[in-house]
Each structure stands twice: as C-alpha cells, then as structure tokens.
Amino acid sequence: MSKTVDEAEMGATNRTIAEKLLYADKIKSSEPNTLSDLLLEISDSGQKLTTRQHDYYQYLYGYSLAYNGKYLAAIEVLKNIIDSEDKELAYRAIAVISNSYLLTKQYMDVFYFLDKLDELEKFVVTSSALENGIGLKAMLYNKLGVYSLAKSYSLQLIENAQDPRYKCIGYQLYSEILSNLNDKVEFERIYPEAIEYCNSINELLWMNIIHAYEIKFLIEEQNFSRGLLMLDKHLAAVKATQYPFIKTVFYAFYAEAYFGLGHYERALENADLAIATGEIDNVYQAHLMAYNAKYKAHKALGDSEAALASLEFYSDISATYNDEKLSQQKAFYLARGEIETKNQRIALLDKDNELLYLQSSIYEQEVKNQRLMVTLLAVVVFIAIVLAVRAIFGRNRFKILAEFDHLTGISNRYHFNNQAKISLEYCETNNKPASLILFDLDFFKRINDDYGHATGDWALQKVVKSCRNFMRNNDIFGRIGGEEFSILLPGCQPDKALLLAEICREAISAIDTTESGHSFTLSASFGVSNSITSGYQLKQLLADADHAMYQAKKQGKNQVEEFEAH
C-alpha cells in the first residue's frame, strides 16, 4: 500500500491523484469497472499519498469490495479509517460497514455501528454523506418490516436530496417498500418518475432494481408475456452492472415467467442460473422463487423425484429465511435496549456532574453567607415537618388512590391529563417536540364476553406491563378508558414515536395468553400525533391521535397510523 507523507512534500503530481480519487468517488456505483481500474492505476503509480488521500483510497477500495459482494473483506479494510481525522470520511466508512454487516446478517454489529454513525453526524457537512446515512436507515427499517419509518427516510431522500445519486437511491428504496407492502397503486404512480430520473443521471444499477419490482408485480398478476418482454429488454443492462443480487433476481423471474407460459425446460435452466449466480444468504427470496419454479416445472414434466428434491430445498430455505427474520427482530430489540441503557448511564453521569456543581456552589455560598444557610436549613426543617405531618395523615395513600388506576397501576384519566398538560407547557416554552400515542385493544369486549372480566383484567395488566418496558422515565402513560390507553412522549420526534408505537404493537401481539387459562389473540390499533402537526394542546393531540387510530381500526386493526394534517 502507498505510504503517507505531509501535504507540503507533495508536488503538482498529487493534483492528478486527487482528481482521480474524486472522479472514482463520483462514479463508484454507476461505473464499477472504471472504479476498479482507477484504484489499480493509483496503487500501481508508485506515487506517495497524503494521510487524507490514503484514507480516501482505503474508503473507495472498501466500497469496491462491498459492491462486489466481498463484505467481510470490505469491513476489515474500512475499520482502518473509522478513527480518521476526517470525520466525514469516517462517517461514510461506517455507513458502508453497517450496510455490509446488514447484508451478512450480523445484526448486533449493525446497530452498534449505526449508533456510532449518529455520534459522527454532527461533524458531517456534505449533504451526500448525510444522505448516505438516511438511505442506510431506510434500508435497515425496510428489512425489519418497520415500513412507516422506512417510508419516511426514503421520502426524505426523494424530496430533499441534493446529490442526484441519493435521490435515485431514494426512489429505489421507496419502490422496494411499496413492493413489500404490495401497494401497486402507489408504485405505478412513482415508477415512471423513478425510472426517468435514474436513467437521466446514468444510475443503471438502481434503475434496473426498480424495473425488477415492476416485473415482480407482473409475475404476481400472471402477466407472464409482458413480464418476459421486460426481462429480455433489460437483461443486458442488468448483466452490465455485474451486481450478483439483481442478476439472481432476474433469472428467478425468468424461471417463473417461463413456467407460467408452459416452457418448463427454459424455466429449469433459468432457475439453475439464479441458484448459481447469487449466494443464498443475500437473495433468500430469489432462491425461494427459483426452487419453487423448479418444483413446479419438474412436477409438470412428470419427474417426481426431482420435484421432491426441489420442494425440500424450498422448505429448508423458507425455514432459514423465517429464522433470519426472527433473528433480525431479536437483534433489533437487544441493540435498542443496550443503546437505551448506555444513554441512561450518560444521563446519570450528567446528573452526577450537575449535582457536584450544585454542591460546590452551595459550599461557596455557605462560606460567603452563613446566615443564608441557617435560613435555608430552617426552611428545609419546616418542609420536613410539614411533609411528616402530611405523611402521618396518609396523604400519599389518598393521593395514589385519586391519581392512579387501581387495576394497572398507571395514571388514570384525570392524573394523565394534568401531568400531560404540564409536560406540554414545558415543551412549548422550551421549543421541544412532543408526541402522543393513543391505542385501543381490538375485540376486547369479545374477550370479556367469552372468558369473563377476570381474564379481561389480566389482559389489561399484561398489556400495560409489556408496553412499560419500552418507555422512558419521563414518558406519561395513562389508562383513559376501559381498554384505551395514551402515552405522552415529551422531547420525542415523530419518527421515534412511530417506532415506539410499532414496538408496543408487536409486544402486545406477542403476549402469551395461555397464562390466563385461556387461549386467545391480543392486538391493538394505534394512532400517533405530534406537536409539529397538532400543536401543544392536549385536546387537539388526543383528537388527532384518535382520528389516526380510527383509520388504523378502519384499515383492518392491529396496525399503527400517523395523523397527517390536510
């Protein structure tokens, strides 16, 4: 590898290296062969590099490895520059590392480096680097199935990205999310716009991935002839990208289309190409499609033994894929818990520092003015006496009875309203965001009717316990109706509130009801509002969240909807 030297020692020759590095960065995804040639040219030139140029070369080399599917090698190269003095370059390297860990299913490492990405974000001034981080988050939440957050991040890129390449990536991510949601109406609206834009900036890789989602819809609609036409039209461009993932997907679609048209031998040929082209770990769904096509084609040709073998492979891959999704969810919650714990520890240290500062100030004031301390002491003693007298008469006991729900232990409607208004006033005064979650248990009356009120009470207690695990100390949680609950989140951005709502929804769905002596399903519908769209008045926040929750109920229950102002 080239040695590093001081900038002052470099001559005019170094400008050529700098220009090559900048050009390589510009075309790294649109012209992967040119990127490899430039990196080899720089390495073989024998010219010495500055420290920053050396780190820049390492970043581009690591990116090239990741692009070509050599993720572990890319991680090892890029880890050498995560402590670079160029914080923005370190940010970009960590983004590629996080993506590589995601593609190799090392999910705890994904969230660890994603946290480091957030720490470095304040040092980033180039919009494209920030947009790279936003794209990574959109892809991560899409893989986790948290589509509301994934859509939010991808739309940020489409609407606000200054770098044309990341706007194109935003289109690709948004198209993938719509494909996963089977939202063909919205996809057909965005598809021509996305293709035209990505083609205009020569981003052929992302454009052909977007084409793949259109082909997927055609195959699912059994429009095999049109699907085959699109495959033939774009196959040469797909091969030119040299990206194994998209080639594997295209061959799998070919297999399905040929089977649908009754060309069983061609279906088998393309299914084998799909299986041979991409590693199974990175294209589970394409391999599932290929083995399914093989099974159906062998069966149609009367080869029962080969059909059974293909079906066994299909079943094994399907089981592995489902286990993989479970591992993703598990890692997500574990990592989230660790990050929350770390943040709480930092908050405690900050509080300790504040306490030390206050103690020092009090000591200085004591030296300056003993009389003031005597007065303060007298006030403290007086307050202590008043509190003691109130304690004797059981004030706290009656206060608890008056303010908290006796069944679940959280705030009742009266206490929730009072605490929420105080918290909202504070947020408005200090210009801090606030969000509100409202949720209602689905089919709760049926549980009471079928299994009795004791079982209904058990269900309410379990729901509260499950949701409380994910809340901060300053969040206000209240039972405001029979099976209706509300959570006020001071200082919480809308995307974090949506994530918490999604986590609570999944936690409720995961409750094992057999502990109650009966087996039934628990679920809830959520509505989320925030101060950005609804203001800081509790009444309006509740009304807007209730409107969103009604939409969740109307659209099939057991889901999260965010209030959108019209």
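Among L489, L424, which is the only one that is open to solvent by less than 30 Å² (accessible area, probe 1.4 Å) and free of Cβ contacts under 8 Å to residues at least 60 places away in the same chain? Please lay out each step first, then the result.
On the way: L424 fails: free of Cβ contacts under 8 Å to residues at least 60 places away in the same chain.
Sole residue among the options that is open to solvent by less than 30 Å² (accessible area, probe 1.4 Å) and free of Cβ contacts under 8 Å to residues at least 60 places away in the same chain: L489.
Can you work out which of the residues in segment 299-324 that are in contact (Cβ under 8 Å) with a residue 24 or more places away in the chain and more than 20 Å from T248 (Cβ to Cβ) is most open to solvent (accessible area, probe 1.4 Å)?
So the first thing to find is which residues in segment 299-324 are in contact (Cβ under 8 Å) with a residue 24 or more places away in the chain, and the list is 300-301, 314, 317-318, 320-321, 324.
Checking the rest, the ones that are also more than 20 Å from T248 (Cβ to Cβ) come to 300-301.
Working: A300: 53, L301: 82 Å².
Residue satisfying both the conditions and the ranking: L301.
Per-residue answers, yes or no, for (1) of a type in the set (V, I, T); (2) on the phi < 0 side of the Ramachandran plot:
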| residue | (1), (2) |
| --- | --- |
| I511 | yes, yes |
| T514 | yes, yes |
| S523 | no, yes |
| N558 | no, no |
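Would you please list the contacts, defined by Cβ atoms under 8 Å and residues six or more apart or on different chains, that run from a residue in segment 236-256 that is without any contact (Cβ under 8 Å) to a residue 12 or more places away in the chain to a residue that is in a helix (DSSP H, G or I)?
These pairs meet every condition: K239/K247.
Hey, can you tell me all the residues within segment 403-421 that are open to solvent by 60 Å² or more (accessible area, probe 1.4 Å) and of a type in the set (A, V, I, L, M, F, W, C)?
Listed by number, the list holds a single entry, F404.
I need the full set of residues from segment 455-480 which are among the small types (G, A, S) and assigned to a helix (DSSP H, G or I), in order please.
Passing the criteria: G456, A459, S466.
Among the residues of segment 1-33, what is the count of those that are in a helix (DSSP H, G or I), modelled with pLDDT of 75 or more and open to solvent by 40 Å² or more (accessible area, probe 1.4 Å)?
Adding up the residues that qualify gives 7.
Looking at (1) free of Cβ contacts under 8 Å to residues at least 12 places away in the same chain; (2) more than 18 Å from Y166 (Cβ to Cβ), which is the only condition L130 fails?
That leaves (2) as the condition not met.
Please go through segment 154-165 and give me each residue that is surrounded by 18 or more Cβ atoms within 10 Å (Cβ to Cβ) and within 13 Å of E176 (Cα to Cα), ordered by number.
Selection gives S154 alone.
Restricting to segment 498-534, give me the number of residues that are closer than 24 Å to Y153 by Cβ and hydrophobic (A, V, I, L, M, F, W, C).
10
In segment 298-327, which residues are at pLDDT 85 or above and of a type in the set (S, T, Y)? Steps first, answer last, please.
Within segment 298-327, the subset at pLDDT 85 or above is 298-316.
Correct list: S304, S310, Y314, S315.
Test E186 against the stated conditions and say whether it is open to solvent by 10 Å² or more (accessible area, probe 1.4 Å), touching a helix residue (DSSP H, G or I) at 6+ places or on another chain (Cβ under 7 Å) and under 21 Å from Y67 (Cα atoms). Outline the logic, then answer.
Values: open to solvent by 10 Å² or more (accessible area, probe 1.4 Å): yes; touching a helix residue (DSSP H, G or I) at 6+ places or on another chain (Cβ under 7 Å): yes; under 21 Å from Y67 (Cα atoms): no.
Criteria not met by E186.
Quick check on segment 427-440: of everything there that is out of contact with any strand residue (DSSP E or B) (no Cβ under 6 Å at 6 or more places or on another chain) and not in a helix (DSSP H, G or I), which residue is most open to solvent (accessible area, probe 1.4 Å)?
Going through the qualifying residues, I end up with N431.
Results for (1) aliphatic (A, V, I, L, M); (2) open to solvent by less than 50 Å² (accessible area, probe 1.4 Å); (3) free of Cβ contacts under 8 Å to residues at least 40 places away in the same chain, shown as yes or no for each residue.
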site	(1), (2), (3)
D450	no, no, no
S466	no, yes, no
A497	yes, yes, no
I508	yes, yes, no
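Could you tell me whether Q162 is outside any helix (DSSP H, G or I), touching a helix residue (DSSP H, G or I) at 6+ places or on another chain (Cβ under 7 Å) and at pLDDT below 95?
In short, yes.
When you scan segment 190-297 for helices (runs of 4 or more DSSP H) that lie fully inside it, which ones turn up with 3 or more residues that are at pLDDT 90 or above, open to solvent by 60 Å² or more (accessible area, probe 1.4 Å) and in contact with a Phe, Trp or Tyr (Cβ under 7 Å, 6 or more places away or on another chain)?
Once the helices (runs of 4 or more DSSP H) in segment 190-297 are filtered for at least 3 residues that are at pLDDT 90 or above, open to solvent by 60 Å² or more (accessible area, probe 1.4 Å) and in contact with a Phe, Trp or Tyr (Cβ under 7 Å, 6 or more places away or on another chain), nothing remains.
The values are calculated or read from the model by the stated rules, or taken from the named source; none is laboratory data. The structure displayed is predicted, hence computed values, not measured ones. Neighbour counts run over all protein chains shown; Cβ positions are idealised from the backbone, glycine included. What goes into the accessible areas is simple: the full protein's heavy atoms, side chains included, and nothing from ligands, DNA or RNA. Shrake-Rupley method; radii C 1.70, N 1.55, O 1.52, S 1.80 Å.
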